[in-house]
Amino acid sequence: VQLQASGGGLVQAGGSLKLSCAASGGFSNYDMGWFRQAPGKEREFVVGINWSGGAPYYDDSVKGRFYISRDNAKNTVFLQMNSLKPEDTAVYYCVARRSGTVGYNYWGQGTQVTVSS
């Protein structure tokens, strides 16, 4: 599975961005998600969604602000990010795993999100 993330950029605090991740080589039977890595910090889980689009699960730091969705017809997963904070600044990575397996073993190249105060 190949993943191509896009949609990052510079936004002021309180603003919104929508990330997209286009997949090739497999999608409908894969769980999808997003991780992020801020400068000087370890990579952290942000949100995941199962193969059918149900049961999204969010890290507490983004609950109520970020929303994940997927379009299996277009092999794309989206991350709508609202009420952005400077601490959301990071490189965001799209990830995938075959449904029913543990651990995300497919990673995209990352897209930079910068939130200014």
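Things to note:
- For the stretch 62-117, the Cβ-based charge dipole about the Cα centre amounts to some 200 debye (Lys, Arg positive; Asp, Glu negative; other atoms uncharged).
- Between residue 63 and residue 6, the contour length at 0.36 nm per residue exceeds the alpha carbon distance by 18.4 nm.
- The dipole here belongs to the chain: it is taken about the Cα centre, uses +1 on the Cβ of Lys and Arg and -1 on the Cβ of Asp and Glu, and is about 160 debye.
- Kirkwood radius, the stretch 1-69, all distinct C-alpha pairs, inverse of mean reciprocal distance: 13.5 Å.
- Rolling a 1.4 Å probe across all protein chains gives residue 59 an accessible area of roughly 50 Å².
- Reach of residue 63 by Cα under 16 Å, taken over lysines that are not fewer than 8 positions away in the same chain: 18, 85
- Area accessible to solvent at residue 79, 1.4 Å probe radius, in Å²: 0
- For the chain, the relative contact order works out to 36 percent when only alpha carbon pairs closer than 8 Å and six or more residues apart are counted.
- Enclosing the Cα atoms of the chain in their convex hull gives a volume equal to 91 cubic angstrom per residue.
The values are calculated or read from the model by the stated rules, or taken from the named source; none is laboratory data. What you are looking at is a predicted structure, and each value in this text was computed from that prediction instead of being measured. Here the Cβ is made from the backbone with ideal geometry for all residues, glycine too, and neighbour counts use every protein chain on show. Surface accessibility is based on the protein's heavy atoms, side chains included, excluding ligands, DNA and RNA. Shrake-Rupley method; radii C 1.70, N 1.55, O 1.52, S 1.80 Å.
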